[in-house]
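Just below is one structure, and these are the notes that go with it.
The values are calculated or read from the model by the stated rules, or taken from the named source; none is laboratory data. Everything quoted here is computed from the prediction, not taken from an experiment. Cβ atoms come from the backbone with ideal geometry, glycine included; neighbour counts cover every protein chain shown. All accessible areas refer to the heavy atoms of the entire protein, side chains included, with ligands and DNA or RNA removed. Shrake-Rupley method; radii C 1.70, N 1.55, O 1.52, S 1.80 Å.
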Amino acid sequence: MHILGIETSCDETGVAVFHSDKGLIAESLYSQISLHAPYGGVVPELASRDHISRILPLVKSTLAAADLHLTDLDAVAYTAGPGLLGALLVGATFGRSLAYSLGIPAIAINHMEAHLLAPLLGMDSADTQPGFPFVALLVSGGHTQLVRVNAIGDYTILGASIDDAAGEAFDKTAKVLGLDYPGGPSIARWALQGRAGRFSFPRPMLDRPGCDFSFSGLKTHALTTIRKLEPLSDQDKADIAYAFEEAVVETLFAKCSRAMQETGARHLILAGGVAANLRLRSRMKDLASAPKNVSVHYPPTRLCTDNGGMIAWAGYLRLRAGESAPLAIDTRARWPISELSSDPAPELRSPS
Ligand code: KG4
Ligand code: ZN
């Protein structure tokens, strides 16, 4: 079975084909980074327009790379939300129309569920897959959430950011530091030259019970530090990047540790763009060692940030679970993962 995955929720046009026996057999990504870089953030209107011009050529070239024709496809999966509405509509209308014209199912995918399921790609057997329930840390530009995964499609939110997402805090702090967009990878690069101990940034919400996060105070702390030092030398920037990254990583680590303790789960999955952060990955190794002995799983870096592969894979899992494929085209800018179920998204069904 071949499933075409289409991702257009933000600033990446991602297309991939998942094969039920062979796994991901073709993946293409067109990143709009250079389009948005001059603005220091994603401009929604530009994003939608660019998806429109990229989507068809990208689907054609992805199929050609896998030596496939449209008629070889068995289903189309597309991101239906959460995300930028105009951008989502491009993938949704394209995906549904293509599926309709081919007479095959079109599956509406929740972007955050796709991030969450991405680490399971390549672990599609009972021996290698983490047993339920496991905990997932979803850390992207739009979300920071700790989720207990009771089963595929059955999610309990353990905690979430009460203000900025971790990736958003990276992006905004990088902007005030004058670093390149997107901010996460830039801060990580600059932090490599940073010195430990010069600045100590707060670890937000660690003194409070539960698994919620807050990152906007950290961003403000960075801003205040910058304003006091201006003009910044390269070493100042590197030291601030170091302290900022350390504070985010330590906060995420502490909350994950708490979530593992509270749930008694043995497996932790890290997903979303910020899960590409090497310092975070390295810190999480401490959960793997005794006495905690948690197994920590990450997708490969290319599957951490937005991509079509995770959408095709999520589509396959949902189809396998018997998901119906309605004809209505519906997208949602907000779509909490806790509203999903194994018989998902009633609001995405056509009126009967
Ligand atoms: O999952 P993603 O590609 O898009 C959303 O769904 O938001 O995540 C993008 C976010 C951006 O905020 C970006 O700065 C951050 O992930 N990011 C990183 C790294 N790579 C991407 N943050 C920290 N370190 C990284 N290496
Ligand atoms: Zn994402």
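Below, the figures for the structure above:
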item	result
Test set (1) away from ligand 1 (no atom under 16 Å from the Cβ); (2) in a loop (DSSP other than H, G, I, E, B); (3) under 20 Å from D171 (Cβ atoms); (4) of a type in the set (A, V, I, L, M, F, W, C) - L46 fails condition number	(2)
Candidate set: the stretch 281-312, residues that are within 16 Å of ligand 2 (Cβ to nearest atom) and aliphatic (A, V, I, L, M); chosen: the one nearest to G83 (Cα to Cα)	I311
Unmet criterion (only one of (1) open to solvent by less than 40 Å² (accessible area, probe 1.4 Å); (2) within 27 Å of L206 (Cα to Cα)) for N110	(2)
Qualifying residue in the stretch 48-61 (condition: among the aliphatic types (A, V, I, L, M), buried (at least 18 other Cβ atoms within 10 Å of the Cβ) and within 15 Å of ligand 2 (Cβ to nearest atom))	no
Selection count where residues are within 16 Å of ligand 2 (Cβ to nearest atom) and assigned to a strand (DSSP E or B), scope the stretch 72-106	5
Close pairs (7 angstrom Cβ cut-off, 6 or more residues apart or separate chains): in the same structural domain as S216 (by TED's automatic domain parsing) and open to solvent by 30 Å² or more (accessible area, probe 1.4 Å) in the stretch 156-168, within 16 Å of ligand 2 (Cβ to nearest atom) and among the hydrophobic types (A, V, I, L, M, F, W, C) anywhere	T156/V147; I157/V147; L158/V147
Condition check for F199: open to solvent by less than 20 Å² (accessible area, probe 1.4 Å) and either among the β-branched types (V, I, T) or under 20 Å from A254 (Cβ atoms) (or both)	no
Answer from R283, R266, R332 - the residue that is away from ligand 1 (no atom under 16 Å from the Cβ) and either open to solvent by 20 Å² or more (accessible area, probe 1.4 Å) or assigned by TED's automatic domain parsing to the domain that holds A47 (or both)	R266
Enumeration of residues in the stretch 26-39 that are in contact (Cβ under 8 Å) with a residue 24 or more places away in the chain and either touching a Ser or Thr at 6+ places or on another chain (Cβ under 9 Å) or within 15 Å of A77 (Cα to Cα) (or both)	A26, E27, S28, L29, Y30
The stretch 177-203 residues that are in the same structural domain as S282 (by TED's automatic domain parsing) and among the β-branched types (V, I, T), paired with ones that are outside any loop (DSSP other than H, G, I, E, B) and away from ligand 2 (no atom under 16 Å from the Cβ) (beta carbon under 8 Å, 6 or more apart)	I187/T173; I187/A174; I187/L177; I187/A241; I187/F244; I187/E245
Helices (runs of 4 or more DSSP H) within the stretch 204-318 that include 2 or more residues within 27 Å of D154 (Cβ to Cβ)	234-263, 278-288
Which listed residue, of A254, A174, A196, is in contact with a Lys or Arg (Cβ under 8 Å, 6 or more places away or on another chain) and either more than 29 Å from S295 (Cα to Cα) or small (G, A, S) (or both)	A254
Evaluation of H36 against (1) within 15 Å of ligand 1 (Cβ to nearest atom); (2) assigned to a helix (DSSP H, G or I); (3) open to solvent by 20 Å² or more (accessible area, probe 1.4 Å) (one fails), failing number	(3)
From the options F170, F199, residue that is aromatic (F, W, Y) and within 16 Å of ligand 2 (Cβ to nearest atom)	F170
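So that you can scan it fast, the table gives a plain yes or no per residue for (1) more than 14 Å from ligand 1 (Cβ to nearest atom); (2) modelled with pLDDT of 95 or more; (3) open to solvent by less than 10 Å² (accessible area, probe 1.4 Å):
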site: L232; (1), (2), (3): yes, yes, no
site: D239; (1), (2), (3): yes, yes, yes
site: Y242; (1), (2), (3): no, yes, no
site: V249; (1), (2), (3): no, yes, yes
site: V274; (1), (2), (3): no, yes, no
